[in-house]
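Undergrad: This is the structure I want to talk about, given as structure tokens.
Derivation of every value follows stated rules applied to the coordinates shown; laboratory data play no part. Please read these numbers as outputs of a predicted model, since none were measured by experiment. Virtual Cβ from ideal backbone geometry, glycine too; neighbours counted across all protein chains shown.
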Amino acid sequence: MKKIVLTLILSACGFVLATAQGKPSFGLKAGLNFVQFDARDDVEVDNNSGFHAGIVLHVPLIKKSGLQFEALYSVESSDDIDLNFINVPILYTHKLLPGLRLQVGPQFKISTKSEFKDEVVAATFEEDFKSFNFDLSAGLEYKLPAIGVFAQARYNYGLTEFEENFELKSNTFQLSVGYRF
């Protein structure tokens with residue numbers, strides 16, 4: 001499944017770059033994650049924060065629209081669990097005002113590491129933990145004109161449970177800053 005999705009993502013990137021109407025811009029970004037874990041009613045998981053960092057590729061399509069591809073290393077943690085992901089959002093962008101863009105689209109999450117501090121919970125999690133998940137992302141980006149610096153605020157809503165027994169999924173609010181060349 002991971003190979004199929006990765007192949008589709010790379011194919012989509014190639015197609016978009018080949019048909020782009022403007023000059024693509026590449027950049028780097030980093031920021032904070034504010035994580036809210038949702039679980040079954042009888043399971044308590046503390047909410048906490050983490051960070052993310054990675055690369056950004058924005059491809060203009062038509063006058064006010066474009067696609068933004070990202071590859072981010074992301075940490076989502078609480079007092080009970082530490083989850084590390086490679087997040088791959090593919091976002092449709094639409095310019096609302098000069099410098100201000102709306103972003104919306106799917107995010108694919110691939111788990112790279114999971115650590116559970118309670119040994120009983122860890123055994124259950126490791127049996128049923130899904131290493132591939134989907135989110136729906138929406139947010140805003142403001143890019144300072146002519147200098148490439150940008151700031152983003154984005155909400156990632158967890159569509160899939162990454163652990164079935166506890167019905168656990170995460171919703172993440174992200175604040176980021178970056179620079180596009």
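Undergrad: Roughly speaking, what is the stretch gain from ASP38 to ALA146, that is 0.36 nm per residue apart minus the C-alpha to C-alpha distance, in nm to one decimal?
TA: 34.8 nm
Undergrad: OK, next. With a 10 Å Cβ neighbour count serving as the proxy for reagent exposure, in which order, fewest first, do PHE108, PHE132, PHE85 appear?
TA: Final ranking by Cβ density, sparse to dense: PHE132, PHE108, PHE85.
Undergrad: Of the cross-linked pairs LYS109/LYS143; LYS63/LYS169; LYS29/LYS63; LYS29/LYS169; LYS64/LYS109; LYS23/LYS109, which ones have a Cα-Cα span greater than 32 Å in the structure shown? Before the final figure, lay out the partial values.
TA: Details: LYS109/LYS143 26 Å; LYS63/LYS169 37 Å; LYS29/LYS63 25 Å; LYS29/LYS169 25 Å; LYS64/LYS109 28 Å; LYS23/LYS109 28 Å.
Where the Cα-Cα span goes over 32 Å, the pairs concerned are LYS63/LYS169.
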